[in-house]
1. Within the stretch 158-214, count every residue that is polar (S, T, N, Q), under 18 Å from the mean Cα position of the chain (by Cα) and either part of a loop (DSSP other than H, G, I, E, B) or modelled with pLDDT under 65 (or both).
2. Quick one: would you say G14 is touching a strand residue (DSSP E or B) at 6+ places or on another chain (Cβ under 6 Å), modelled with pLDDT under 90 and over 22 Å from A179 (Cβ atoms)?
3. Residues L127, L123: which one is assigned by TED's automatic domain parsing to the domain that holds A179, surrounded by 10 or more Cβ atoms within 10 Å (Cβ to Cβ) and within 21 Å of the chain's Cα centre (by Cα)?
4. Tell me whether the stretch 50-61 contains one or more residues that are assigned to a loop (DSSP other than H, G, I, E, B), farther than 29 Å from A158 by Cα and among the charged types (D, E, K, R).
5. Just give me the residues in the stretch 89-127 being at pLDDT 85 or above and either over 19 Å from Q181 (Cα atoms) or of a type in the set (K, R) (or both), in sequence order.
6. Could you list, in sequence order, all residues of the stretch 44-99 that are among the aliphatic types (A, V, I, L, M), touching a strand residue (DSSP E or B) at 6+ places or on another chain (Cβ under 6 Å) and surrounded by 13 or more Cβ atoms within 10 Å (Cβ to Cβ)?
7. If you check every pair at least six apart or on different chains, which have Cβ atoms under 9 Å apart with a residue in the stretch 48-71 that is in contact (Cβ under 8 Å) with a residue 24 or more places away in the chain and closer than 18 Å to E38 by Cβ first and a residue that is surrounded by 13 or more Cβ atoms within 10 Å (Cβ to Cβ) and among the acidic types (D, E) second?
8. Considering the stretch 70-90 alone, what residues qualify as being touching a Leu at 6+ places or on another chain (Cβ under 9 Å) and part of a strand (DSSP E or B)?
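The values are calculated or read from the model by the stated rules, or taken from the named source; none is laboratory data. Values in this document were obtained by computation on a predicted structure and should not be read as measured data. Neighbour counts are summed over all protein chains in view; Cβ atoms, including those assigned to glycine, are modelled from backbone coordinates with ideal geometry.
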Amino acid sequence: MLPRPMPAPPRAPGRIDESGRLACSYHGWAFAGSGACELIPQAAPEQPGKPPRALCSPRACATPFPVKEMHGVLFVWPDEHSADQAEATPLPLPNGVDFNEYTVFPAYTRRVPYGFEFLGENLADPLHFPFSHHGVGTTHREQGGPMKAIGIRESGMAGFHVPFHMESYDLPSDFTFQAPQLFVYTYNLRQKQPKLPFFKKQGEQPPDAFTLCL
């Protein structure tokens, strides 16, 4: 729910309180799913047994937006007046992929101090992985090497698709950009046993893997 009906202070992370309401961690205000404010700890009731009048003020309410959840990721539709359209619109996920067939690892979220265009350029460049992410997981500089792109496919306003092969990993892969904000790496692990450190058992058939950046 946005915006929080309080001036100036930074948006503190919310939490779900004991009554199932969304509570602000800054002042403790709590909201129902409709956006109605149900608790203002700083407001005293004017009459015994009755809630404070401040709870009835429209200025105390938050604006609820349509939300969908999938595997722990929340998708927010930024228009409170088109809930039907939000419900009918598919989530911005890879076309033709049934995520119920995959094991989904917890999402990783990080705030970075630069614009979306810079992030998009970064995500679309797999050659920087071994160097910029050296020491993260099993990634190290020695994995840097040539990459063979198999030509751009399905290029257009909706995005583009590029199969590629990084020789140092010996791993056929695909990169897909679905406009305006979805970056997908697909690792074709079934096609060939890759030379990656985290596959220890030779001969064991590894699954396909996806990395989604929203």
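1. First pass over the stretch 158-214, keeping only residues polar (S, T, N, Q): 168, 173, 176, 178, 181, 186, 188, 191, 193, 202, 205, 211.
With under 18 Å from the mean Cα position of the chain (by Cα) added as a condition, the list becomes 176, 178, 181, 186, 211.
Among the residues that remain, those that are also either part of a loop (DSSP other than H, G, I, E, B) or modelled with pLDDT under 65 (or both) are: 181.
Matching residues across the stretch 158-214 total 1.
2. yes
3. Criteria check complete, one pass: L123.
4. Of all residues in the stretch 50-61, those assigned to a loop (DSSP other than H, G, I, E, B) come to 50-52, 57, 61.
Subset that is farther than 29 Å from A158 by Cα: 50-52, 57, 61.
Going one step further and asking which of them are among the charged types (D, E, K, R), we end up with 50.
Within the stretch 50-61, one or more residues are assigned to a loop (DSSP other than H, G, I, E, B), farther than 29 Å from A158 by Cα and among the charged types (D, E, K, R).
5. Within the stretch 89-127, just L127 meets the criteria.
6. Hits for the stretch 44-99 are L55, A60, A62.
7. Short answer, once both residue conditions are applied: T63/E80; P64/E80.
8. Answer for the stretch 70-90, where residues must be touching a Leu at 6+ places or on another chain (Cβ under 9 Å) and part of a strand (DSSP E or B): M70, V73, F75, V76.
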